[in-house]
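Please treat every number below as a calculation from the coordinates, not as lab data. Keep in mind it's a predicted model, so treat the numbers as computed, not measured. When we count neighbours, we look across all protein chains shown, and the Cβ atoms used for this are built from the backbone with ideal geometry, even at glycine.
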Amino acid sequence: MSLSAASQIRHFCRLRRRRVVLTAYDAPTAALLERSGVDLILVGDSLATVILGYASTREVSFREMRHHVRAVLRGVRNVGVIADLPHKSIRRGIASAHRDALRFVEDGCLGVKIEWLGPESETLTRRCVRSGAGVIGHVGLTPQSASPKAGFKVRGLDRDDVGAVLDAARRLENAGAFALVFECIPEAVTDIIKKHLSAPVVGIGAGRHTEAQVLVFQDVVGLTEGFHPRFLKRYAETGAVAEAAVRRFVREVQSGRFPAKKNTYRIKASALRSLREMP
Ligand code: KIV
């Protein structure tokens, strides 16, 4: 890891105020997030469902992720970028997933986010950290292993499951993860599990007391449809604003109101005359 990446991670871990993480998949959005004061950008594998039209995050490939990771990196100056290690990379085995993680770091990411899929996630985290990649572990609801058809379920509702989430979090932390995403865990359970960990927790539906909060940009600005989990707050309805604008454009083109004279280019009268006199 370059010195600046290591110090960016240390800075993120040491911040005393609540940290803000948001997803981005393209350069202009990444620039907007940086201007708005976001602490860390995640190129999530939610790229699959939010942007690429797949049914599940499992379907996005490393190549597709990398295309968007590079776009995001071109859009930022100082804010750190973390890339989700896609399920397709992990399915090809630890050695290949490790190589893919290091490719993201070569591109300029601080590191990768690794979902808990079982002991292989611990091994992979350890290898990535030893090679200098920052790792954020992801526990609780892990969309790469949950079936969208069966529905995404809140985790940690009984003793056994709390034990499983805690065990996964501990193993990822011990393997060197510098932070942990907790997804869809009751607030009181998050508070209990957190007592056993020292890494900052980035919550998404994990209550009010985590060190950071993460959401998907398109959800926050109201660009997604039909997705209303309890943990989400939509801060704008940008989708409705954009749709109204496009409808107006369609009406104005169809009626001849657009383009207006002020939207057209002009040519000097003398040049026009000589053009008209051309044989
Ligand atoms: O892929 C993603 O966007 C994520 C966040 C929702 C945590 O993993």
Net charge around Ala240, counting only other residues with Cβ within less than 14 Å of its Cβ (Lys, Arg = +1; Asp, Glu = -1)? 0
Between His228 and Glu187, 0.36 nm times their residue separation minus their Cα-Cα distance comes to what? 12.9 nm
Ranked by GNM mean-square fluctuation in the chain (Cα springs under 10 Å), the top entry among Gly93, Gly132, Gly226 is Gly226
Taking 0.36 nm per intervening residue step and subtracting the Cα-Cα distance, what contour gain separates Arg77 from Leu275 on full extension? 66.4 nm
Using alpha-carbon coordinates, inclination of helix 3-14 to the longest axis of the chain, degrees: 70 degrees
Low-density loop chymotrypsin sites (Phe, Trp or Tyr not before Pro), region 172-278, at most 14 other Cβ within 10 Å, DSSP non-H/G/I/E/B, are Phe227, Tyr235, Tyr265
What net charge do the residues around Pro229 carry, taking every other residue with its C-beta under 12 Å from that of Pro229, with Lys and Arg at +1 and Asp and Glu at -1? +2
Each label sits 7 Å from Cα toward the beta-carbon; between Tyr54 and Ser4 the label points are separated, in nm, by 3.1 nm
Inter-part distance where region 7-77 and region 99-114 are each reduced to a Cα centre, Å: 12 Å
Using alpha carbons only, how many degrees (0 to 90, rounded to 10) separate the axis of helix 94-107 from the longest principal axis of the chain? 50 degrees
Helix 119-130 sits off the longest principal axis of the Cα atoms of the chain, rounded to the nearest 10 on a 0 to 90 degree scale, by 70 degrees
On each of the three principal axes of the Cα atoms of the chain, give max minus min coordinate, whole Å, ordered largest first. 86, 39, 38
